[in-house]
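Visitor: Below you will find the structure I want to go over with you.
Bear in mind that the values in this text are calculations on the coordinates, not laboratory data. The structure presented is a predicted model; accordingly, all values stated were derived computationally and were not measured. Cβ atoms come from the backbone with ideal geometry, glycine included; neighbour counts cover every protein chain shown.
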Amino acid sequence: MPNGAWSDDLEPFVKARVVPDGNAFVLTLTAGARLELLRGLYDSQPDVLWPRIEVAAVALLARGGPDRIAGWKEQGAARLAVNAPKTEVHWFDTPHDIPLFAPAEVAAEIERVSATAAIGPGSESPTG
């Protein structure tokens, strides 16, 4: 694919979403399910939803990927800082599918934020 839109790092992602069917591969999600997922993404209103989060939250973003997308990620992180200033942004030096490439680090972030949420609003994070 042109402009670095495809590289070997996407292979595990693709393989996880297909099953063998004779000499072919079949997607694990039906066309209807894929359309519903895409519609949900398209119709979501992140600028409205992020500020409504009342518990500890973190946005996990990947630095890896095509250069043309890096600017969009940076803009999104900047908008998040304005719209939801209490939400942390954690950048990973991985391709897009962060849990495939840094599962232990993602789990640690989830545990850290969960522990902060369990303490309650107004409390400091147990990690400082």
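Visitor: Please list, in chain and number order, the residues 5+ apart from Ala62 or on another chain whose amide H is under 5 Å from its amide H, with Hs placed from the backbone.
Guide: Long-range HN contacts for Ala62: Phe92.
Visitor: Something else now. I'd like the distance separating the alpha-carbon centroids of the range 1-75 and the range 95-118, in whole Å.
Guide: Comparing the Cα centres of the range 1-75 and the range 95-118, I get a distance of 17 Å.
Visitor: Rounded to two decimals, what is Rg over Rh for the chain when you use alpha-carbon atoms and the Kirkwood radius?
Guide: Values: Rg = 17.7 Å, Rh = 17.3 Å.
Result: Rg/Rh = 1.02.
Visitor: Quick one: net charge around Ala84, please, counting Lys, Arg +1 and Asp, Glu -1 for every other residue with C-beta under 15 Å from its C-beta.
Guide: Values: positive: Arg52, Arg79, Lys86; negative: Asp47, Glu54, Glu88.
Net local charge, Ala84 excluded: 0.
Visitor: Apply the Karplus parameterisation 6.51 cos²θ - 1.76 cosθ + 1.60, with θ equal to phi minus 60°, to every residue of the range 25-36 and state each ³J(HN,Hα) to the nearest whole Hz, in sequence, with x for glycine and proline.
Guide: Per residue, the Karplus-derived 3J(HN,Hα) values read 10, 10, 5, 6, 9, 6, 4, x, 5, 4, 4, 5 Hz.
Visitor: What does the charge count near Trp72 come to, summing +1 for each Lys or Arg and -1 for each Asp or Glu among other residues with Cβ under 14 Å from its Cβ?
Guide: Taking every other residue near Trp72 into account, the sum is +2.
Visitor: Follow-up. Treat each spin label as a single point 7 Å out from the Cα along the C-beta direction, and report the Ile110 to His90 distance in nm.
Guide: According to this spin-label approximation, the distance is 1.1 nm.
Visitor: What is the set of long-range amide H partners of Val89 at a cut-off below 5 Å, with H atoms built 1.01 Å from backbone N?
Guide: Residues meeting the criterion, in which the H sits 1.01 Å from N, are Ala59.
Visitor: Limiting things to C-alpha atoms, what are the Rg and the maximum Cα-Cα separation (Dmax) for the range 1-44, in angstroms?
Guide: My reading of the Cα-based Rg and Dmax gives 13.3, 38 Å.
Visitor: What is the spread of the Cα atoms of the range 1-74 along each of their three principal axes, largest first, in whole Å?
Guide: Here the spans come out as 49, 30, 22 Å, largest first.
Visitor: If you plug each phi of the range 7-21 into the Karplus form 6.51 cos²θ - 1.76 cosθ + 1.60 with θ = phi - 60°, what whole-Hz ³J(HN,Hα) values come out, in order, with x for Gly and Pro?
Guide: Coupling constants for the range 7-21: 8, 4, 5, 8, 4, x, 4, 5, 4, 6, 10, 9, 10, x, 9 Hz.
Visitor: May I ask you to evaluate 6.51 cos²θ - 1.76 cosθ + 1.60, the Karplus curve with θ = phi - 60°, for each residue of the range 55-63 and list the ³J(HN,Hα) values in order in whole Hz, giving x for glycine and proline?
Guide: 10, 4, 8, 9, 9, 9, 10, 9, 6
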